1. Testing Leu469 on (1) near the ligand (Cβ under 7 Å from one of its atoms); (2) touching a residue at least 12 places away in the same chain (Cβ under 8 Å), one condition comes back false. Which one is that?
2. Pick from Gln489, Gln517, Gln500: which is outside any strand (DSSP E or B) and surrounded by 16 or more Cβ atoms within 10 Å (Cβ to Cβ)?
3. Give me the residue from region 94-153 that is among the aromatic types (Phe, Trp, Tyr) and part of a helix (DSSP H, G or I) and, out of that set, nearest to Thr277 (Cα to Cα).
4. Considering each of Val129, Val117 in turn, give the residue that is surrounded by 18 or more Cβ atoms within 10 Å (Cβ to Cβ), under 30 Å from Ala286 (Cβ atoms) and of a type in the set (A, V, I, L, M).
5. Filter region 132-187 down to residues that are crowded, with 17+ Cβ neighbours inside 10 Å and over 21 Å from Val234 (Cβ atoms), then give me how many there are.
6. Count, please, the residues in region 241-277 that happen to be polar (S, T, N, Q), touching a helix residue (DSSP H, G or I) at 6+ places or on another chain (Cβ under 7 Å) and farther than 18 Å from Lys201 by Cβ.
7. Six or more apart or on different chains, Cβ atoms under 8 Å: show the pairs whose first residue is in region 225-248 and in contact (Cβ under 8 Å) with a residue 12 or more places away in the chain and whose second is among the basic types (Lys, Arg).
8. Need at least 3 residues that are aliphatic (A, V, I, L, M) per element, so show me which strands (runs of 3 or more DSSP E) inside region 370-478 make the cut, counting only ones lying wholly within it.
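The values are calculated or read from the model by the stated rules, or taken from the named source; none is laboratory data. All values derive from a computational prediction rather than experimental measurement. Neighbour counts are summed over all protein chains in view; Cβ atoms, including those assigned to glycine, are modelled from backbone coordinates with ideal geometry.
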Amino acid sequence: MYLYISKISILFALYFITARFGLTMNATSGFASLVWAPTGIALASLLLYGYKLWPAIALAAFSVNLATGAPFLSAFGISVGNTLEALIAAHLLCRYADFHKTLDRTKDVVAFLIIAVLLSTLVSASVGVTSLWLGQIIPTEKLAEAWYAWWRGDLYGNLIITPLLLVLGTRKWGRIEAKVALEVSIFVLLMTGTCLLVFGKFHGSIDLPNLPFLFILFPFTIWASLRLGQTGNVVTIFLLSAFAIWGAATGAGPFATGSFTANLLHLHAYIGALAVTGLVLAASAAERMSALRALYESQSQLKSALKNRDEFISIASHELKSPLALIALNLQSLRKSSSLESLATKVQSCENHVNRLCTLVDDLMDLTRIRSGKLELHRERVDLSELTKEIIARQPASTPENVSVVTVKADMPVIGSWDRTRIEQVLTNLLSNAHKYGDHAPIEISVEMSPERNFAKLEVKDQGIGVPLEMRDEIFECFKRAHPGNAIQGLGLGLYIVRQIAEAHGGVVRLESGSKQGSTFTVELPTGI
Ligand code: ADP
């Protein structure tokens, strides 16, 4: 509440002071000023801090007009028009134009110019001038002139002040690099010097050409928009306008040719051209920069994808080649083998290697399925406890792959609607890892139902080499291995597939581990029934 009251008070004060200043600038019929910053302040405040600040605008517009001599009802009418103008612009921009307050896209600038600068200002000019006409402050013959002055004052208020406040208000201020600070300093020095030359008192005294001299300032807008971003641009436009108004007010510079009002009208056209050019240019430069950044990012993603692919090809060929080489070796010695016993051992060994090859190829096919979103589940009623015992019973005892003793704790039926083959794959992958990385120590498997009976918990615990802390999340990614230099072979796909299957069932897989402390993999699956 305190924050709201302080915001309202600050906005009220800013609006009131800048409005008083605007009304001193030779306002038509005393009210329609060509220099009207409050419109810009009001719109920027609503866009930055929300519509709820509207009472400050209404109150300030009412008080300042009453203080300037408007009848009560006219002041009320003007305040309604000014508040509506800001509310309508803010609403249309946010609701229909997907407006970015940073003005870093050309479409934001164009929407802002059409909605806020050209259209919403018609509301305040029309309502305000009509209120004064009804209050007999503006005579009928002055109606068009007052309306035009009012509209232009508001239009330039929004064009110059709103972008300045929006961009400065949303900018993330970080550390400024030394070379940027140097460029900004040179820019400010050169621009101030040129502005003093163009709009200062001595402009006339050194017989400079009049209007063509104004073109000197265009390169500054272009410099600011292209090199200093939208922030540099809006500040530059504001400073140029301030210098130009100062020149026109003090009777110096190219705009000091006729009455103050005529000077301001000329100056508006000039500043308007600079502001529109600068805003559009800075926005398209920002767009170009962000497109370039996106391009660099996708380029580096592409490079790392290519690196991953090459690594994968080398690992996969090595993994596929080792069992083939061993099969070839066994077949060679089979030819020479004489005893029946050694024949059986060698066939068994060949079978093991063929199984290993099949698993590798299955993993690769699963990877393709997962990547193309074709991992389908064929759910059926499964008792996880029974399935686990069945898989363990099926495991051939003491092969080179099954080196540890496995104990199963699955006392109660744990029933759910799952894909039997996929759940089998989860358990087989976790178990095979526990054998591979388990240091030949006993492995414990437990299956249980959650107390609420809504999900099942499968735990595979070994006492092996464990997983370093920094790799605990990564090992669930494709081709990621925590012990790559290790003699233990693998593609780095098993856990990735486990996680995909668990997630496809709406479940999760977690790891608790530390180096040399063994690993406990826990899979939680919603029962789905
Ligand atoms: P891999 O084919 O390499 O075994 P996985 O995806 O199954 O692929 O496992 C990824 C990595 O996670 C393994 O290379 C290994 O470093 C680590 N890892 C998996 N299970 C265990 C475990 N039980 N103990 C220690 N490290 C493990």
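1. (1)
2. Details: Gln489 fails: surrounded by 16 or more Cβ atoms within 10 Å (Cβ to Cβ); Gln517 fails: surrounded by 16 or more Cβ atoms within 10 Å (Cβ to Cβ).
Of the residues listed, the single one that is outside any strand (DSSP E or B) and surrounded by 16 or more Cβ atoms within 10 Å (Cβ to Cβ) is Gln500.
3. Top of the filtered list is Phe112.
4. Among Val129, Val117, only Val117 is surrounded by 18 or more Cβ atoms within 10 Å (Cβ to Cβ), under 30 Å from Ala286 (Cβ atoms) and of a type in the set (A, V, I, L, M).
5. 11
6. 2
7. These pairs meet every condition: Thr231/Arg171.
8. 443-449, 455-461
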